[in-house]
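Below: one structure, written as structure tokens.
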């Protein structure tokens, strides 16, 4: 009996025909319930076949590939006679290497690789269990010719869950067309230390905002509701990293998370819980760090009691890359990889990524009685359920014709929209938007200066779009011949091509940079306006995944001679618009004081140049808001907005307030919000309530405002934050337009963990605050009675 599926491509117009083993077995019958199919298959599997399913292939791709890095069935059968559970990143050729060194596969080659591997697995292994392929997709499929969206911290700045849902739906579509059914996103770490290089991968510092963005991302990737069976064009999402990863000791990646259970439950658990309970999430990735001496991959309380027992998670827990081995190599809590694998699976980890070094000896562990067969079966059962729910046993095939349309007009337009919505205007002393003269009038001179002006920085876990637009290209395209554009590098931040994958990071030579600064000053001397593009490179803010590959910093200052570049340009007496292109929120008190305007753009994706130009010249009105607090200096850390009442007393000789507060962002127009009203000023515990304010655009241009709702529990049995985000809504208003905006406050936002660590709503008064950011707020009192 053959399973067939069409491959729509000229070179592959024939059907992909697979001769399935045990073709009449119930596990091939798509009309049966998934759990029945899983149990039928599981009871047929040998011990070795079970272990094979929860291993992965990535570093060792050479073991299954021949000349030209094509899939080699003979080699695969020799090395993996019991099948392959998962292959990581089919878009790359040899595992962990820079695509600038080892180019990624083309769409055609990637699809052929998937077909060949899938055909081998379904025909040449005893049970024909198909392979699950996974890719990275943090802000776009990390593959060749895929749409590149703003980095996650930029997406969070949109405060627009519907946009996040739409973006991830397109990511899923581009991914699934290539025959890949699983992605390693979204990240819902709550990031509370900007020294940490991975802050760019997060949705920011607030658990409510992170949770809403995480829910939207999973709904875009996998569908709405809680049914785990994938629909057309959807993929399995992976929720990561559980948890505490976003507040590592000293701000260094994988450092211990010195976090109490109360803080875990109040600040770090909520995004995970929201996604698990509201979406069809099928995979959760454990985090590298330890909590109170216990690495997450060995934390049964975290992975079993909380994730499954309290939240009802039914899917698979997957390891972060090499994290099982790290329990022996880094954490030193077991003597070897075999013991690490035993500890991990007994603690609730089901799948070993990206290789199998932690789990590859599990068969021996079962025979020795160190891992029970029931424990192994449970892990395998969960992973097989993922495969059945993904449709791998029924129609695993790629769609080449559809895949070749990736990063087409629809993707480009959505990337541009996302970039536009992510821009945050932090300061404007009337210099923006820039005006262009009418035809025939004198042409102004605009100096475009800085190391980030003529490069499209995409950030970590980047894909390779067909075309990226640099800010300089975007400005030139918009301005045309209506202004004279002069350009100068100004400084080199880091030497080399700024490849995120490179291990060494060498700063630009100071002496050479001072020569570049002098050249930039001369270039800008005759300009009417200076646009200064500064910030990070992909090397100065990134994941520090090894002692030889660092990405965290002790300082938040702009790297190298960038402040010196600004100081010398300032002496010219010209208006300076600082455009920040960065992954982490830096500290820039002098810039904030002396620049005429500041536009935060983060890494804004493939259409960054077009979006930034449109914003600078007023075709787009910036409406993004900060998802993080911007510190004046590193000495203020931690500086998250939702601190406890006893914190932030003040400092000698320095300010205690941040440079810019959480939720802040300006516009080219002005908005007014009316005093908030409640649907009821007194409610019983557990009842819903809605807060309403009327927003009016009092300016002359259309714009977006984000209505933000915060609350404070006035008297509580344990200390509570001075304010917590409880709702938000982004609205677009025309000049003079008013709109009543009503935002529900869910009972969960009023809950707290009492002294007995019970989640309750305590009777009493709550202050409900509404405003455009976390600082400028109007309030009303809500009383909760028993």
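FYI, it's all coordinate maths here, none of it is from the lab. Bear in mind that the values here come from a model prediction, so they are computed numbers and not experimental data. Note that each Cβ is placed from the backbone with ideal geometry, even for glycine, and that neighbours are counted across all protein chains shown.
How do 350, 374, 429 line up, fewest other C-beta atoms within 10 Å first? All intermediate terms of the calculation are to be shown ahead of the outcome.
Working: 350 26, 374 8, 429 11.
Neighbour counts put them in this order, fewest first: 374, 429, 350.
In the calculated pair distance distribution of the chain, what percentage of Cα-Cα distances lie above 48 Å? For the chain, the share of Cα pairs beyond 48 Å comes to 20 percent. What's the angle, to the nearest 10 degrees (0 to 90), between helix 34-44's Cα axis and the longest principal axis of the chain? For 34-44 against the chain, the angle is about 50 degrees.
If you wrap the tightest convex hull around every Cα atom of segment 33-74 and split its volume per residue, you get 113 Å³. Working note: Cα atoms of segment 529-668, range along each principal axis, descending, whole Å: 44, 37, 31. The distance separating the Cα centre of segment 553-588 from that of segment 670-700 comes to 39 Å.
I'd like to compare 123-136, 173-186: which one has the highest average count of other Cβ atoms within 10 Å, and what's the full order after that? Before the final figure, lay out each step's value.
On the way: 123-136: 22.0, 173-186: 26.7.
The peptides rank, most packed first, as 173-186, 123-136.
How do 557, 776, 72 line up, fewest other C-beta atoms within 10 Å first? Present the calculation step by step, with values, prior to reporting the outcome.
Working: 557 16, 776 13, 72 19.
Placing the least packed residue first, the sequence is 776, 557, 72.
Relative to the longest principal axis of the Cα atoms of the chain, the long axis of helix 409-422 makes an angle of roughly 50 degrees.
Net length available on complete extension from residue 748 to residue 670 is 24.8 nm, with 0.36 nm assigned per residue and the Cα-Cα distance removed. When the scattering of segment 409-636 is computed by the Debye formula from its Cα atoms alone, each counted once and equally, what is log10 I(q)/I(0) at q = 0.08, 0.12, 0.16 Å⁻¹? With one equal scatterer per Cα and no solvent, log10 I(q)/I(0) is -0.27, -0.63, -1.15.
May I ask for the angle, rounded to the nearest 10°, between helix 337-347 and the longest principal axis of the chain, with both axes built from Cα atoms and the value confined to 0 to 90°? Computed tilt is about 80 degrees. Summary of packing: across the peptides 101-113, 650-662, 52-64, the per-residue average of other C-beta atoms within 10 Å ranks them, highest first, as 52-64, 101-113, 650-662.
Can you give me the Cα centroid spacing of segment 180-212 and segment 111-135 in angstrom? Taking the Cα centre of each part, segment 180-212 and segment 111-135 sit 32 Å apart. Rounded to the nearest angstrom and listed largest first, the equivalent-ellipsoid semi-axes of segment 591-660 from its Cα gyration tensor are 31, 14, 10. Its DSSP H runs of at least 4 residues, each contributing -39,500 (n - 2.57), put the calculated 222 nm mean residue ellipticity of the chain at -7500 deg cm²/dmol, to the nearest 500.
Its residue count N sets the reference 2.2 N^0.38 Å, and the alpha-carbon radius of gyration of segment 401-477 equals 1.43 times that reference.
Mean sequence separation of contacting Cα pairs (under 8 Å, at least six apart), scaled by the length of the chain, corresponds to a relative contact order of 13 percent.
Would you work out if segment 671-785 is rounded, prolate or oblate? Take a ≥ b ≥ c from the square roots of the eigenvalues of the alpha-carbon gyration tensor; rounded if a/c is under 1.5, else prolate when a/b is larger than b/c, oblate otherwise. Here segment 671-785 falls in the prolate category.
Would you please put 532-540, 685-693, 605-613 in order of how densely packed they are, using the mean number of other Cβ atoms within 10 angstrom per residue and starting with the highest? Before the final figure, lay out the partial values.
Values: 532-540: 26.0, 685-693: 15.9, 605-613: 28.3.
In descending order of packing, they fall as 605-613, 532-540, 685-693.
If you wrap a convex hull around the Cα atoms of segment 296-378, how much volume per residue is inside, in Å³? Walk me through the numbers on the way to the answer.
Working: hull volume 6.9 nm³, N = 83.
Here the figure is 83 Å³ per residue.
Give me 370, 625 ranked fewest to most by other Cβ atoms within 10 Å of their Cβ, as a rough exposure proxy.
Numbers: 370 18, 625 27.
By the 10 Å Cβ count, ascending: 370, 625.
Shown here: segment 356-429, whose C-alpha atoms stretch 71, 42, 21 Å along the first, second and third principal axes, sorted largest to smallest.
Between segment 217-281 and segment 42-81, the alpha-carbon centres lie 30 Å apart.
Estimate the FRET efficiency between residue 716 and residue 557 by the formula 1/(1 + (r/R0)^6), using the beta-carbon distance for r and 51 Å for R0, to the nearest 0.05. Working shown, then result.
Numbers: r = 38 Å, r/R0 = 0.75.
E(calc), rounded to 0.05, equals 0.85.
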